[in-house]
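Enquirer: I'd like to ask you about the structure that follows.
The values are calculated or read from the model by the stated rules, or taken from the named source; none is laboratory data. Note that the structure is a prediction, hence the values are computed from the model and not measured. Using ideal geometry, Cβ is built from the backbone for each residue, glycine included, and neighbour counts are taken over all protein chains shown. These accessible areas exclude ligands, DNA and RNA; they are computed on the full protein's heavy atoms, side chains included. Shrake-Rupley method; radii C 1.70, N 1.55, O 1.52, S 1.80 Å.
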Amino acid sequence: MSEQPRRPRKPGKPYRRPQKDPVRILAFEALRAVDERDAYANLVLPPLLRKARENDAFDARDAALATELVYGTLRRQGTYDAIIAACVDRPLREVDPPVLDVLSLGVHQLLGTRIPTHAAVSASVELARVVLGDGRAKFVNAVLRKVAQDDLDGWLERVAPPYDEDPEDHLAVVHSHPRWVVSALWDSLGGGRAGIEELLAADNERPEVTLVARPGRSTPEELLGEEAAVPGRWSPYAVRLSEGGEPGAVDAVRENRAGVQDEGSQLVALALAGAPLDGPDRRWLDGCAGPGGKAALLGALAAERGAFLLASEKQPHRAGLVARALDGNPGPYQVIAADGTRPPWRPGSFDRVLVDVPCTGLGALRRRPEARWRRRPEDLDGFAPLQRGLLHSALQAVRVGGVVGYATCSPHLAETRAVVADVLKQHPGAELLDARPLLPGVPALGDGPDVQLWPHLHGTDAMYLALIRRTA
């Protein structure tokens with residue numbers, strides 16, 4: 001049988017198969033998971049990278065590029081959307097989400113990395129051919145060629161409203177945050193322009209990986225023996241890994257004697273553990289313990305004093321994470337699945353109580369950049385009753401003379417000072433303690449008595465802490 005004749009090729013356009021680029025395909029898959037399944041990049045990306053390494057498809061440089069493409073695209077999504085919108089002839093809502101993801105990856109390569117322009121465009125068009133098809137690849141090519149005509153500063157001058165006319169909208173576009181988040185962070189800083197641009201810029205920086213040496217199980221000196229390890233800034237148990245450091249390669253982390261924990265979270269646990277008490281110091285409670293980072297540090301600190309820790313978490317699967325974090329703790333502890341607003345323990349049972357309450361997570365936007373695009377102002381109304389209920393229960397759980405720590409990874413005033421003020425009105429037998437002396441060496445802690453940490457000032461997540469002593 002004779003061969004079937006091939007279709008004639010068009011002059012000057014030789015046929016070639018789309019070239020598969022495993023790095024950009026992985027980045028695209030991660031973005032699709034974030035969009036379609038409301039997944040978090042910090043949970044989606046690691047297993048994808050691990051699988052690629054196991055299949056010998058990636059080396060360390062490939063993994064670093066994929067990570068930068070995913071996180072950089074998510075952090076700058078608002079800015080890139082404004083730029084893409086200026087380059088297409090339809091509203092963005094009419095652009096299919098997979099196409100928008102490919103475009104956003106391309107724009108980040110053009111405006112947010114050192115990848116040469118021709119390489120950024122061609123790689124993005126090839127990605128489009130593989131995952132979207134030839135027709136959409138032409139659309140991607142046309143849009144990215146328009147984007148490539150200017151740099152990021154030039155585009156921002158074109159798409160961002162002038163600061164003098166609308167400062168919040170200007171900052172929202174320039175620093176890629178929703179307008180309502182910009183407004184809330186500005187209020188939390190106390191008004192005035194000071195600090196707001198630095199904070200928004202810090203939210204768009206890649207956070208350092210910080211380890212905690214759990215007392216009695218590991219030491220900072222042991223962790224500092226690791227490659228790329230440097231001391232923490234504020235916590236005596238903190239060690240930072242410089243860029244490229246891999247926590248999973250650290251023996252103490254694999255053996256659960258140390259963990260990955262932001263220094264702000266460490267400071268919250270340390271402040272509660274160091275707060276002065278009237279009376280005994282034998283029973284501690286972590287009333288919102290999942291996923292277990294603070295509970296593991298509290299458990300280690302409690303063990304040094306011979307104190308017992310009860311770690312409670314409402315969701316059973318998260319209680320399982322707490323149990324794994326505490327596994328091997330040298331002192332007595334127990335992990336239970338229980339609703340902190342309807343607790344099984346008796347009132348006045350504990351000497352120290354921590355409630356790190358569920359919140360919008362606006363203080364951890366460096367680590368979960370997609371959260372800024374998912375949260376809405378109305379989410380605050382959903383969290384408010386729970387936050388107040390948990391703090392109310394914590395003040396009932398602590399004995400007279402004991403101390404409660406109210407913590408949240410959000411600087412929004414509706415989740416911090418408003419909650420504390422409202423609950424204290426219902427508990428006249430309670431008083432705020434000055435938390436600042438319990439964070440020795442940490443600068444810029446404000447007027448007190450509560451403490452708000454900031455990424456741009458302290459290099460931590462924006463953790464909030466109020467310490468409250470029960471007096472009657």
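Enquirer: From 49, 65, which residue is open to solvent by 10 Å² or more (accessible area, probe 1.4 Å) and either closer than 23 Å to residue 175 by Cα or touching a residue at least 24 places away in the same chain (Cβ under 8 Å) (or both)?
Expert: Step by step, each of 49, 65 is checked, and only 65 is open to solvent by 10 Å² or more (accessible area, probe 1.4 Å) and either closer than 23 Å to residue 175 by Cα or touching a residue at least 24 places away in the same chain (Cβ under 8 Å) (or both).
Enquirer: Would it be correct to say that residue 101 is exposed (fewer than 13 other Cβ atoms within 10 Å of the Cβ) and either touching a residue at least 40 places away in the same chain (Cβ under 8 Å) or assigned to a loop (DSSP other than H, G, I, E, B) (or both)?
Expert: On the way: exposed (fewer than 13 other Cβ atoms within 10 Å of the Cβ): no; either touching a residue at least 40 places away in the same chain (Cβ under 8 Å) or assigned to a loop (DSSP other than H, G, I, E, B) (or both): yes.
No; evaluated as a whole, the condition is false for this residue.
Enquirer: Scanning the range 243-286 for residues that are among the polar types (S, T, N, Q) and under 15 Å from residue 460 (Cα atoms), which turns out farthest from the chain's Cα centre (by Cα)?
Expert: Of the range 243-286, the ones among the polar types (S, T, N, Q) are 256, 261, 265-266.
This time we only want the ones that are under 15 Å from residue 460 (Cα atoms), so: 261, 265-266.
On the way: 261: 11, 265: 12, 266: 15 Å.
Among residues in the range 243-286 that are among the polar types (S, T, N, Q) and under 15 Å from residue 460 (Cα atoms), the one farthest from the chain's Cα centre (by Cα) is 266.
Enquirer: Okay, next question. Among the residues of the range 375-413, write down those that are of a type in the set (Val, Ile, Thr) and within 21 Å of residue 362 (Cα to Cα).
Expert: If the condition is that a residue be of a type in the set (Val, Ile, Thr) and within 21 Å of residue 362 (Cα to Cα), then 408 is the only one that fits.
Enquirer: Filtering the range 169-199 down to residues that are under 20 Å from residue 380 (Cβ atoms) and within 18 Å of the chain's Cα centre (by Cα), which residue is surrounded by the most Cβ atoms within 10 Å (Cβ to Cβ)?
Expert: It comes out as 177.
Enquirer: Here is a further query. Filter the range 200-251 for residues that are part of a loop (DSSP other than H, G, I, E, B) and among the β-branched types (Val, Ile, Thr); which is most open to solvent (accessible area, probe 1.4 Å)?
Expert: 219
Enquirer: For residue 164, work out the one condition from (1) surrounded by fewer than 18 Cβ atoms within 10 Å (Cβ to Cβ); (2) at pLDDT 95 or above it doesn't fulfil.
Expert: (2)
Enquirer: Ok, one more. Name the residues in the range 301-331 that are farther than 19 Å from residue 255 by Cα and open to solvent by 70 Å² or more (accessible area, probe 1.4 Å), would you?
Expert: Across the range 301-331, the qualifying residues are 304, 305, 314, 315, 316, 317, 318.
Enquirer: May I ask you to say which residue of 348, 320 is small (Gly, Ala, Ser), out of contact with any Cys (no Cβ under 9 Å at 6 or more places or on another chain) and without any contact (Cβ under 8 Å) to a residue 12 or more places away in the chain?
Expert: Exactly one residue qualifies, and that residue is 320.
Enquirer: Further, regarding this structure: Might you let me know whether the range 405-416 holds any residue that is acidic (Asp, Glu) and out of contact with any Ser or Thr (no Cβ under 6 Å at 6 or more places or on another chain)?
Expert: no
Enquirer: Go through (1) open to solvent by 10 Å² or more (accessible area, probe 1.4 Å); (2) more than 11 Å from residue 287 (Cα to Cα) one by one and return the number of the condition residue 356 breaks.
Expert: (2)
Enquirer: Checking residue 334 against (1) open to solvent by 10 Å² or more (accessible area, probe 1.4 Å); (2) within 22 Å of the chain's Cα centre (by Cα), only one condition comes out false. Which one?
Expert: For residue 334, the failing item is (2).
Enquirer: Can you name the residue in the range 369-418 that is open to solvent by 40 Å² or more (accessible area, probe 1.4 Å) and either assigned to a loop (DSSP other than H, G, I, E, B) or small (Gly, Ala, Ser) (or both) and is also nearest to residue 472 (Cα to Cα) among such residues?
Expert: 382
Enquirer: Now for a separate question. Just to be sure, is residue 263 closer than 29 Å to residue 441 by Cβ, open to solvent by less than 10 Å² (accessible area, probe 1.4 Å) and of a type in the set (D, E, K, R)?
Expert: The answer is yes for residue 263.
Enquirer: Going by the conditions given, is residue 35 surrounded by fewer than 21 Cβ atoms within 10 Å (Cβ to Cβ), in contact with a Pro (Cβ under 6 Å, 6 or more places away or on another chain), in contact (Cβ under 8 Å) with a residue 12 or more places away in the chain and assigned to a helix (DSSP H, G or I)? Spell out the reasoning first.
Expert: Details: surrounded by fewer than 21 Cβ atoms within 10 Å (Cβ to Cβ): yes; in contact with a Pro (Cβ under 6 Å, 6 or more places away or on another chain): yes; in contact (Cβ under 8 Å) with a residue 12 or more places away in the chain: yes; assigned to a helix (DSSP H, G or I): yes.
The answer is yes for residue 35.
Enquirer: Considering 269, 295, 289, 273, which residue is assigned to a loop (DSSP other than H, G, I, E, B) and among the aliphatic types (A, V, I, L, M)?
Expert: Going through 269, 295, 289, 273 in turn, just one is assigned to a loop (DSSP other than H, G, I, E, B) and among the aliphatic types (A, V, I, L, M): 289.
Enquirer: Output the number of residues of the range 106-131 satisfying the condition of being touching a helix residue (DSSP H, G or I) at 6+ places or on another chain (Cβ under 6 Å) and outside any helix (DSSP H, G or I).
Expert: 1
Enquirer: For residue 366, which of the numbered conditions (1) in contact (Cβ under 8 Å) with a residue 60 or more places away in the chain; (2) assigned to a strand (DSSP E or B) fails to hold?
Expert: (2)
Enquirer: Just give me the residues in the range 419-445 being under 25 Å from residue 261 (Cβ atoms) and open to solvent by 50 Å² or more (accessible area, probe 1.4 Å), in sequence order.
Expert: Going residue by residue through the range 419-445, those that are under 25 Å from residue 261 (Cβ atoms) are 419-420, 433-445.
Residues satisfying the conditions are 434, 436, 437, 440, 441, 443, 444.
Enquirer: Still on this structure, please answer the following. Test residue 144 against the criterion of being open to solvent by less than 50 Å² (accessible area, probe 1.4 Å), touching a residue at least 24 places away in the same chain (Cβ under 8 Å) and either farther than 23 Å from residue 45 by Cβ or not in a helix (DSSP H, G or I) (or both), and give yes or no.
Expert: So residue 144 passes the test.
Enquirer: Would you confirm, using the coordinates I've provided, whether residue 107 is farther than 14 Å from residue 143 by Cβ, in contact (Cβ under 8 Å) with a residue 40 or more places away in the chain and of a type in the set (Val, Ile, Thr)? Spell out the reasoning first.
Expert: Values: farther than 14 Å from residue 143 by Cβ: no; in contact (Cβ under 8 Å) with a residue 40 or more places away in the chain: yes; of a type in the set (Val, Ile, Thr): yes.
So residue 107 does not fit the description; no.
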